[in-house]
Amino acid sequence: MSKTAFLFPGQGSQEVGMGRALAEEYPVAAETFAQADKILDFPLSRLCFEGPEAELNDTINTQVAIFVTSVAAWRALREMGYQVEPAYIAGHSLGEYTAYMVTNVISFAEGVRLVRERGRLMKKAGKLNFGGMAAILKLSDEQVMEICQQVVTERTGTVQVANYNAPGQIVISGELVAVERAMNLAKAAKARKVVKLSVSIAAHSELMAVVATEFEQVIQKIPLSLPETPIVANINARPLTTIEAIQQEMAQQLTTSVRWTDTIQYMISEGVTEFVEIGPKKVLSSLLRRIDKTVKRHSVQTPEDIGKLV
């Protein structure tokens, strides 16, 4: 018997106009944006639907915007009768918070506030410890890890793997001078492509540690429940089975690598043959193609996408 998994995207999936068609077509999606506007006391919906792009791309706004858009898509999909129960759920970085919400670990209101605070603190960390990120294509995990270790050993600065996104697609994160040194070493190692990302924060790196304690204090105040569907964690690519494990995942995720390839491969090893990505863009569906071409992939971001599934 085939199994299905739901996937939720993270930062980098945002685009002006996201969620607009959903809100125009489905009252439940419109209500989701209206709820978020009220909770945040500012028009997030307008920012998602109309921009400006620079404001949407500001980390403090980006994360909560993707979270709300993904929840709106998930609610619309369910409202229209798609009742497939996933065997597993996973979210890429920020997307893990959407996974918490849809499995009732946290409520929607708590999720909006928590994700907004996560974005605020990560932006704060970026100002305190200015860093950057870069994508490296067509080198092995081991090669990129060795490059990062070489840069650290040289005492150029701190840099580490932020995302193991797919075989041959890795993102590094750290101090700017260290990231640039690693980029040059990757080019020398014959990487097919090395691209500096348009971000002002070094997500999933030691540079985020300056806000870790503050974020842990926020997490401790949030009432959490065990997930109704297993959530496969970013850090160790295994299901989260206790409240303590969820709290640790939330806190440590700021400074630890996202093991996305391992996350997907774990679910496939457990019998998952079909993945439904719910949220803006098709970033995770694209990564799925690189990880395993044999699995079925669906992306849900527009009314047309929902119509195809339902």
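Read-outs: derived from the displayed coordinates by stated rules, not from any lab. Keep in mind that this is a model prediction, so the values were computed, not measured. Here the Cβ positions follow ideal geometry from the backbone for every residue, glycine too, while neighbour counts run over all protein chains shown.
Things worth noting here:
- Cα→Cβ-extended label distance, 7 Å offset, between A188 and E304, nm: 4.7
- Angle between the chain longest axis and helix 59-79 axis [Cα atoms, degrees, rounded to 10]: 40
- Computed per residue of the chain from DSSP H runs no shorter than four, each worth -39500 (n - 2.57), the mean residue ellipticity at 222 nm is -15000 deg cm²/dmol.
- The calculated FRET efficiency for the pair K38 and S198, based on their C-beta separation and a Förster distance of 30 Å, comes to about 0.45.
- Between E53 and F130, the FRET efficiency from the beta-carbon distance, with R0 = 25 Å, is close to 0.70.
- Global geometry of the chain, whether rounded, prolate or oblate, following the gyration tensor of its Cα atoms and the 1.5 cut on a/c: prolate
- Here the Gaussian network model covers the chain, with springs between Cα atoms less than 10 Å apart; of E274, E79, E175, E79 fluctuates the most.
- Candidate lysines for bridging to K190, where Cα separation is under 24 Å - those fewer than 8 sequence places away on the same chain excluded: K138
- Over all pairs of different C-alpha atoms in segment 131-199, the reciprocal of the mean inverse distance, the Kirkwood hydrodynamic radius, equals 11.2 Å.
- Relative to the dominant Cα principal axis of the chain, helix 141-153 is inclined by about 50°.
- Antiparallel content of DSSP bridges confined to the chain, in %, to 5: 55
- Under a Gaussian network description of the chain, with springs only between Cα atoms under 10 Å, the residue in Q150, Q169, Q160 that fluctuates furthest is Q150.
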